[in-house]
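Okay, so here's the structure we're looking at.
A short reminder: the numbers here are calculations on the coordinates, not readings from a lab. Please read all numbers here as calculations on a predicted model, not as lab measurements. Every residue, glycine as well, gets a Cβ built from its backbone with ideal geometry; the counts of neighbours run over all protein chains shown.
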Amino acid sequence: MSFGNLQWLFPVVITLHNTEEAIWRSPVSPGAFRFAVTVFTVLAFAVTWLSAESGKQSVWTYLAFGYMVAVLANVLAPHLAATVIRRSFMPGLATAVALNLPVLSLLAVMALRQGYVSGWKAAAYSVGVAGVLATCIPALFKMGRALNL
């Protein structure tokens with residue numbers, strides 16, 4: 001199997017994970033939270049489609065890879081860390097551990113081994129995309145509240 005074909009698992013697991021979080025809600029209003037995770041889910045499908053169309057070593061493939069690695073980091077912080085620290089289940093933990101961790105680990109390894117991404121560029125996109133996504137969260141919550149969701 002190739003990364004090119006299997007990368008479509010990325011938006012699928014993101015959809016399932018975001019659905020779990022949206023059902024169990026968060027400290028943010030349910031509507032604002034659902035707005036934010038919807039944007040992130042659509043973004044996952046968009047970068048995956050653009051990556052699939054563009055192929056190896058394209059900007060879109062690096063962006064998709066960076067997004068995958070950011071979601072992998074999200075398994076540890078906040079999901080696993082918050083669950084351990086609070087000693088209570090954090091919404092999203094089940095799909096983060098059962099789906100995101102194994103599927104996205106496999107996809108990241110495949111992308112590297114099959115030459116879809118490589119080296120420092122892959123690392124830089126991983127850090128950069130994670131940073132951009134993290135800074136977008138408060139803005140998306142604010143937009144969701146402004147839309148009275």
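General observations
- Computed [θ] at 222 nm, deg cm²/dmol, the chain (DSSP H ≥ 4; -39,500 (n - 2.57); rounded to nearest 500): -24000 deg cm²/dmol
- Trypsin sites (Lys or Arg not before Pro) lying in DSSP loop within segment 1-100, provided at most 13 other Cβ fall within 10 Å: 25, 87
- Ordering 78, 100, 120 by the projection of their Cα atoms onto the charge dipole of segment 3-146, which places +1 on the Cβ of Lys and Arg and -1 on the Cβ of Asp and Glu, puts 78 at the extreme positive end.
- Euclidean distance between Cα centres, segment 1-25 to segment 102-149, Å: 13 Å
- Overall shape: oblate for segment 59-149, with the ratio a/c of the largest to smallest alpha carbon gyration tensor axis at 1.5 or above and b/c at least equal to a/b.
- Pairwise label distance in nanometres, residue 109 with residue 77, each label 7 Å out on the Cα-Cβ vector: 2.5 nm
- Under the span-like rule (Cα at least 27 Å along the axis, Kyte-Doolittle mean at least 0.5), DSSP H helices of the chain: 30-54, 119-146
- Mean Cα-pair separation over length for the chain, i.e. relative contact order, pairs under 8 Å, 6 or more apart, %: 37 percent
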